[in-house]
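Working notes, beginning with the structure itself.
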Amino acid sequence: MRSVRLLSRKNAIYLGLGALTGIAALGVGSRIREYTQIQALDDPTRDFTVVGTATLKQRAAQKGLIYGADCGTLNLQSDPALASLLVKECAMLVAGFLKWDQLRPTADTFNFTRGDWYADFAIKNGMLLRGHTLVWHESLPRWFKETVNSQNSQQFLQQHIQQVVGHYAGKMHSWDVVNEVISIDDGLPNNLRQTPWLEFLGPDYIDLAFRMAAEVDPKALLVYNDYGLEYDTPRNEAKRNAVLKLLESLKSKGTPIHAFGMQSHLVGHETQFNPEKLSNFFQNIANLGLKILITEMDVIENKLPADLAKRDRIVAGAYEDYLSVALQEKAVIAVITWGLSDRYTWLSEFYPRSDGAAVRPLPFDQNFRPKLAWNGIARAFDLAPTR
Ligand code: GLA
């Protein structure tokens, strides 16, 4: 069941691409076209020079921005080198595992052990902490299906938010209250995704979740988070419009939502990047009085050339191009990468390379050495206007 969901998520990111990818699957001629376009993304003369020795968190802070990362609880607990790199480079730690299946072994019990380790780590190291996520159609525990129904769902949602948000109240910089509830494929009104919560509670569950969270932790920044919005493709465009509509409707109802989380799982071989479309989207969100966080940035690189230098340049270029545009919008307050080192990334499992080579989607390599991707991010921070 999980793999089916994951597969569909995978397709969703790919289907968001331009015609290029779809056509390329059809024949040799189109494969050559695809190959040529991907090669064209590489500019061997591109300059990734970075001035000075400041870390990413220092460069971000100079512009009033927060740089942080999600690292996966087990990795952080078991790998001291990762932990010290994180403390050095990041001002924010994302507890991206605070999901139902991790927190609720049974319908009646909560397990905060790992979350508490994370919270202590963040406090001890003077880092901000960010929670992810309270309402999501994935990562639901096995018991959910047999136990939760339209009669008791509101009670379950309320109990979950009260317990979890309550447990970390006062410690969280922000919460992804609701994750990924827009789907342009499900054919439902307002492009809402078919989720158990929608089935049980109707469309108001989104507003309800924000209200519940605001009541329990009035200080945390409350975020709606989504993916598949970054490129100039018809699917991404349709999804951007649907997300904007959702945000508008929440704001018009007085929902206590404070920010939008743009996941930003970038696609290294995507050629349809349109700065103007991205700026307009961000500006529309900012006009609603919302802040913006780049919440899960990495670069899917499984279709890029095997050549390490080329691959690293294209990935670095994707980071820099995207962030240079995104950070022009002053409503953007934080940049978070979904991982820090290539040693630990969900992409090795979900977007592996067909040549068997290890993927290189993050700012640091497997041995914690900074790559050109680090430079791409650093350069974008250095160029960003101050908040
Ligand atoms: C989504 C979720 C994250 C994480 C990533 C990839 O973007 O929001 O929690 O699961 O997928 O693993």
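The values are calculated or read from the model by the stated rules, or taken from the named source; none is laboratory data. None of these values were measured; they are calculated from a predicted model. No Cβ is skipped: glycine too gets one built from the backbone with ideal geometry, and neighbour counts run over all protein chains shown. With ligands, DNA and RNA removed, areas are computed over all heavy atoms of the protein, side chains included. Shrake-Rupley method; radii C 1.70, N 1.55, O 1.52, S 1.80 Å.
Quick grid of which residues meet (1) more than 16 Å from the ligand (Cβ to nearest atom); (2) farther than 17 Å from Tyr344 by Cβ:
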site	(1), (2)
Asp42	yes, yes
Gln62	yes, yes
Ala91	yes, yes
Leu98	no, yes
Tyr118	no, no
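Take Asp186 and tell me if it is more than 16 Å from the ligand (Cβ to nearest atom) and not in a helix (DSSP H, G or I). Considered against the rule, which asks whether it is more than 16 Å from the ligand (Cβ to nearest atom) and not in a helix (DSSP H, G or I), Asp186 comes out as yes. Scanning segment 258-291 for residues being within 16 Å of the ligand (Cβ to nearest atom), farther than 20 Å from Pro363 by Cβ and touching a residue at least 40 places away in the same chain (Cβ under 8 Å) gives a total of 1. Residues in segment 152-171 that are more than 16 Å from the ligand (Cβ to nearest atom), within 15 Å of Val216 (Cβ to Cβ) and either assigned to a loop (DSSP other than H, G, I, E, B) or within 22 Å of the chain's Cα centre (by Cα) (or both): Ile161, Val165, Tyr168, Ala169, Gly170, Lys171. Listed here are the strands (runs of 3 or more DSSP E) enclosed by segment 248-319 that have at least 1 residues being of a type in the set (Phe, Trp, Tyr): 259-262.
In segment 326-342, of all residues being part of a loop (DSSP other than H, G, I, E, B) and out of contact with any Pro (no Cβ under 8 Å at 6 or more places or on another chain), the one that is nearest to the ligand (Cβ to nearest atom) corresponds to Trp338. Taking the condition assigned to a helix (DSSP H, G or I) and modelled with pLDDT of 95 or more, does Ser84 pass? Taking the combined requirement at face value, the residue satisfies it. The set of residues in segment 288-313 being of a type in the set (A, V, I, L, M) and open to solvent by less than 10 Å² (accessible area, probe 1.4 Å) consists of Leu290, Ile292, Leu293, Ile294, Met297, Val299, Ile300, Leu304.
Residues in segment 126-148 that are more than 16 Å from the ligand (Cβ to nearest atom) and either of a type in the set (Ser, Thr, Tyr) or open to solvent by less than 50 Å² (accessible area, probe 1.4 Å) (or both): Met127, Trp143, Phe144, Thr147, Val148.
Do we find a residue being in contact with a strand residue (DSSP E or B) (Cβ under 8 Å, 6 or more places away or on another chain), open to solvent by 30 Å² or more (accessible area, probe 1.4 Å), within 30 Å of Val299 (Cβ to Cβ) and more than 16 Å from the ligand (Cβ to nearest atom) anywhere in segment 224-234? No, segment 224-234 contains no residue that is in contact with a strand residue (DSSP E or B) (Cβ under 8 Å, 6 or more places away or on another chain), open to solvent by 30 Å² or more (accessible area, probe 1.4 Å), within 30 Å of Val299 (Cβ to Cβ) and more than 16 Å from the ligand (Cβ to nearest atom). Candidates are the residues of segment 343-363 that are within 15 Å of the ligand (Cβ to nearest atom) and part of a loop (DSSP other than H, G, I, E, B); the one that is surrounded by the fewest Cβ atoms within 10 Å (Cβ to Cβ) is Pro352.
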